[in-house]
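These notes concern the structure reproduced below.
The values are calculated or read from the model by the stated rules, or taken from the named source; none is laboratory data. Note that this is a predicted model, so its numbers are computed, not measured. Cβ placement follows ideal geometry from the backbone for every residue including glycine, while neighbour counts extend to all protein chains displayed. Side chains are part of the model used for accessible areas, which takes the heavy atoms of the whole protein and leaves out ligands, DNA and RNA. Shrake-Rupley method; radii C 1.70, N 1.55, O 1.52, S 1.80 Å.
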Amino acid sequence: MTAWLDGVELARGIEEAVPGSVESSNATAVWVRPERLHDVAARLKQAEAWDFEYLNAITAVDYVEYFEVIYHLTSMRINQACIIKVKCWGRDEPSLPSVVDLWQGADLQEREIYDLMGVVFTGHPSLRRLLLWEGYIGHPLRRDYLEEPLPYSWPHGG
Amino acid sequence: MATRTEPITVNIGPQHPSTHGVFRMRVTFDGEDILNVEPVFGYLHRGSEKLAEERNYTQVITLTDRLDYVASQTNNQAYCIAVEKLAGIQPTERGMYLRVIAAELQRIASHLVATGFLLQDLGAFATPLMYCFRERERILEMFEMLCGARITVSYMRPGGVFQDAPEDFWPALTTFLEDMPGYLDELDMLLTGNEIIVGRTFDVGVLKPEIAINGSVSGPILRSTGVRWDIRKADPYDIYDRIEFDVPIGTRGDNWDRYKVRLEEMRQSLRIVEQCVAQIPEGPARAEVPFVFRPPAGAEAYGRVEAPKGELGFYLVSDGTIAPYRCKIRSPSMINLSVLSDILVGYKLADLIVTFGSTDINMGEVDR
């Protein structure tokens, strides 16, 4: 059985490894400050006791006031997993540091989040739309995405 | 005098018969050698995650069928497990066994499609594919008995399955379990020693385990590299903790290992189904769960299963209404594409379609 790490305990460990990085924590997850996300991710991947070498998924949830980006991490060696969350404020250009240099698997997922939610990952080697086409207006998974039909935005057709 | 060549970029797809759906690869060649590969997709994007926000928890099941449409049962299962975690529903014993039987049959069906199309890509036109489809047909007929549908099954519900198996399902399953090992041996005998298959797949499309882990790869592709990671073992769901089975792994991570791991997994799936048939208890197939229900506000749950293609996860967020506030689908097919260029670069043009076929992706799941 995969052991899901207790958020409060994990938060203590993260705070020790990267001081000033934890925002809050509860039983299941740790909220990390966006500007320290990359440092925390690097420590989680490299530290012997955590060894989170596998990134399961990156999810973004739009809570209107802020975006919450959720990282599911797994250590296959120890068979443990944890949930790291980041609050990302602002609607015009919310941004987070990219973790592609740590986990190659984040590449397509970060592009997908940029495409559908509009969260910008700084440091991503090629942040382009993934599922929708270049020139598409808006980010459809946002809660305030327009409901009326959009102006036709296919660049070459129509 | 050496010939001087210039790299050329070619679009393969979106409409190419061997790309298993509408998928495009932007490939740069130097002569016949592949220098760079970039996957381009989204042609089948239907916005399943957005659509899920406007349907109630039970209605979303029909959307999950249409993700990986050659493995609908496991999609249902992953979603139902996520909803059960979210709303605190305890599925019935019989329901869980029926889910595992359906999911393992689906795994066999999906791996048969993967194997058949791999041979199709190798140039063995239609005949081996039909051999694989012959047995898959029997599985689909059993699904028809269970729920009336063959592909888009919508068989499972939070709390179990929507109806118990009919009486004629069990004899059909017994005959299938008797016939299938012999059939797999036949397939094994036909393919495993075949010189063309060995020549075209051995040491082609090699994936290193550290790249696979770093690239979040899961499923048979990950196991073919020698990493023994199967969610059914590592984080058992439903009743997998009561069942004995092995996790087959490869050693080199090439096309051959991916094919071989799938073949062995089909044998293990048969073992699992046999044990389920022996263990299945009497009782209701589904817990009393209303069609419309409201999980607690603010609840979040990540439910995952080992789908035929890899780790399929649903991340659900509830706001206390009848519909999910957010329904994220962690699709194994899309994330397995992260390593597409790693397994293709350095090989020849002729290996491209074979290697791509051996990754066994499904566009319905990639694009969602």
Next on the checklist: With the structure loaded, tell me whether residue B:70 is touching a helix residue (DSSP H, G or I) at 6+ places or on another chain (Cβ under 8 Å), away from chain A (no Cβ under 14 Å), crowded, with 19+ Cβ neighbours inside 10 Å and farther than 22 Å from residue B:297 by Cα or whether it fails that test.
Outcome noted: yes
Next on the checklist: Name the residue that is farthest from the other protein chains (Cβ to nearest Cβ), counting only residues in region B:233-245 that are over 19 Å from residue A:55 (Cα atoms) and not in a loop (DSSP other than H, G, I, E, B).
Outcome noted: B:242
Checklist entry - Identify, please: which residue in region B:22-43 is in a loop (DSSP other than H, G, I, E, B) and away from chain A (no Cβ under 14 Å) and is, among those, nearest to the chain's Cα centre (by Cα)? => result B:32
Next on the checklist: Given the condition touching a helix residue (DSSP H, G or I) at 6+ places or on another chain (Cβ under 6 Å), in a strand (DSSP E or B) and hydrophobic (A, V, I, L, M, F, W, C), answer yes or no: does some residue in region A:36-43 qualify?
Outcome noted: no
Checklist entry - residue B:48 passes all but one of (1) among the polar types (S, T, N, Q); (2) touching an Asp or Glu at 6+ places or on another chain (Cβ under 7 Å); (3) closer than 26 Å to residue B:60 by Cα; which number fails? => result (2)
Checklist entry - Can you name the helices (runs of 4 or more DSSP H) wholly within region B:132-232 that have at least 1 residues being touching a helix residue (DSSP H, G or I) at 6+ places or on another chain (Cβ under 6 Å) and either on the phi > 0 side of the Ramachandran plot or within 14 Å of another protein chain (Cβ to nearest Cβ) (or both)? => result B:209-214, B:220-224
Item to check | Top-ranked residue in region A:94-117 [being touching a Gly at 6+ places or on another chain (Cβ under 8 Å) and away from chain B (no Cβ under 11 Å); ranked as surrounded by the most Cβ atoms within 10 Å (Cβ to Cβ)] | outcome: A:98
Item to check | Checklist (1) out of contact with any strand residue (DSSP E or B) (no Cβ under 6 Å at 6 or more places or on another chain); (2) at pLDDT below 90; (3) more than 23 Å from residue B:364 (Cβ to Cβ) applied to residue B:10, failing item | outcome: (1)
Item to check | Options A:158, A:123; residue that is at pLDDT 85 or above and at positive phi | outcome: A:123
Checklist entry - Out of region B:319-333, which residues are surrounded by fewer than 23 Cβ atoms within 10 Å (Cβ to Cβ) and among the small types (Gly, Ala, Ser)? => result B:320, B:323
Checklist entry - So which residues in region B:246-292 are β-branched (Val, Ile, Thr) and more than 27 Å from residue B:80 (Cβ to Cβ), if there are any at all? => result B:249, B:251
Checklist entry - Can you pull out the residues in region A:79-93 that are away from chain B (no Cβ under 11 Å) and open to solvent by 30 Å² or more (accessible area, probe 1.4 Å)? => result A:87, A:89, A:90, A:91, A:92, A:93
Item to check | Matching option when the condition is within 13 Å of chain B (Cβ to nearest Cβ), modelled with pLDDT under 85, open to solvent by 40 Å² or more (accessible area, probe 1.4 Å) and over 15 Å from residue A:102 (Cβ atoms), among A:3, A:49 | outcome: A:3
Checklist entry - Are any residues in region A:9-32 among the aliphatic types (A, V, I, L, M) and open to solvent by less than 60 Å² (accessible area, probe 1.4 Å), and if so, which ones? => result A:10, A:11, A:14, A:17, A:18, A:22, A:29, A:30, A:32
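Go through region B:270-285 and report how many residues are open to solvent by 20 Å² or more (accessible area, probe 1.4 Å) and touching a residue at least 12 places away in the same chain (Cβ under 8 Å).
10
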Checklist outcome for this item: Sole miss for residue A:107 among (1) within 26 Å of residue B:221 (Cα to Cα); (2) in a helix (DSSP H, G or I); (3) touching a His at 6+ places or on another chain (Cβ under 7 Å) is condition (3)
Checklist entry - In this structure, is residue B:91 touching a Gly at 6+ places or on another chain (Cβ under 9 Å), closer than 30 Å to residue B:199 by Cα and touching a residue at least 40 places away in the same chain (Cβ under 8 Å)? => result no
Checklist outcome for this item: When (1) crowded, with 16+ Cβ neighbours inside 10 Å; (2) within 13 Å of chain A (Cβ to nearest Cβ); (3) at pLDDT below 90 are applied to residue B:46, the one that fails is (1)
